[in-house]
1. Among the candidates Ala9, Ala15, Ala84, which residue alone is at pLDDT below 95, under 21 Å from the mean Cα position of the chain (by Cα) and either of a type in the set (A, V, I, L, M) or closer than 23 Å to Leu119 by Cα (or both)?
2. Looking at Leu40, is it in contact with a strand residue (DSSP E or B) (Cβ under 6 Å, 6 or more places away or on another chain), loosely packed, with under 14 Cβ neighbours inside 10 Å and at pLDDT 95 or above?
3. In the range 87-103, how many are within 18 Å of the chain's Cα centre (by Cα) and either loosely packed, with under 12 Cβ neighbours inside 10 Å or free of Cβ contacts under 8 Å to residues at least 12 places away in the same chain (or both)?
4. Does Ala120 satisfy the condition of being small (Gly, Ala, Ser) and in contact (Cβ under 8 Å) with a residue 40 or more places away in the chain?
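The values are calculated or read from the model by the stated rules, or taken from the named source; none is laboratory data. Nothing here was measured: the structure is a model prediction, and the numbers come from that model. With ideal geometry, Cβ positions are generated from the backbone for all residues, glycine too; neighbour counts draw on all protein chains shown.
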Amino acid sequence: MTHAVHVVASVLLAALLAGMAPLAGIEKRKKEPEPHALLLGTTFTAEGFSLPGIPVAVTRKGDKKPKWRVTSDSRGEFAVRLPAGQALYQVSTESKAHENQAQEIEVQGEELVTVIFRLARKGEGKKE
């Protein structure tokens, strides 16, 4: 190789290494996960069977619109990460086919909060 090729190769190598230097520090700059509370819930039929596909909304007390929306899975379960810290939330079901319910929960910090909903189909149990 000629001297010019060595110089160009050295410059390219230096530029490549300089460009990778920030990547090497990614591990050091990773933020710690934000502290959170975990809301776990289950939706059941009135008879006690798991109820999948139920939309659930979580609204912080004082807010007009839900901040989190989830749907119960095939086992009727759902989970939502909430910010750690003292707060009140309303957890409500939003089913078109069932009588909806709401529960108020209180979060104090990094903790696990559970809710259970037993939903009757709309019109069940009503005499005409």
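1. Details: Ala9 fails: under 21 Å from the mean Cα position of the chain (by Cα); Ala15 fails: under 21 Å from the mean Cα position of the chain (by Cα).
One residue alone meets the criteria, Ala84.
2. Numbers: in contact with a strand residue (DSSP E or B) (Cβ under 6 Å, 6 or more places away or on another chain): yes; loosely packed, with under 14 Cβ neighbours inside 10 Å: yes; at pLDDT 95 or above: yes.
Yes, satisfied.
3. Step one: of the range 87-103, the residues within 18 Å of the chain's Cα centre (by Cα) are 87-94.
If we keep only those that are either loosely packed, with under 12 Cβ neighbours inside 10 Å or free of Cβ contacts under 8 Å to residues at least 12 places away in the same chain (or both) too, we end up with none.
Qualifying residue count for the region: 0.
4. Details: small (Gly, Ala, Ser): yes; in contact (Cβ under 8 Å) with a residue 40 or more places away in the chain: yes.
So Ala120 passes the test.
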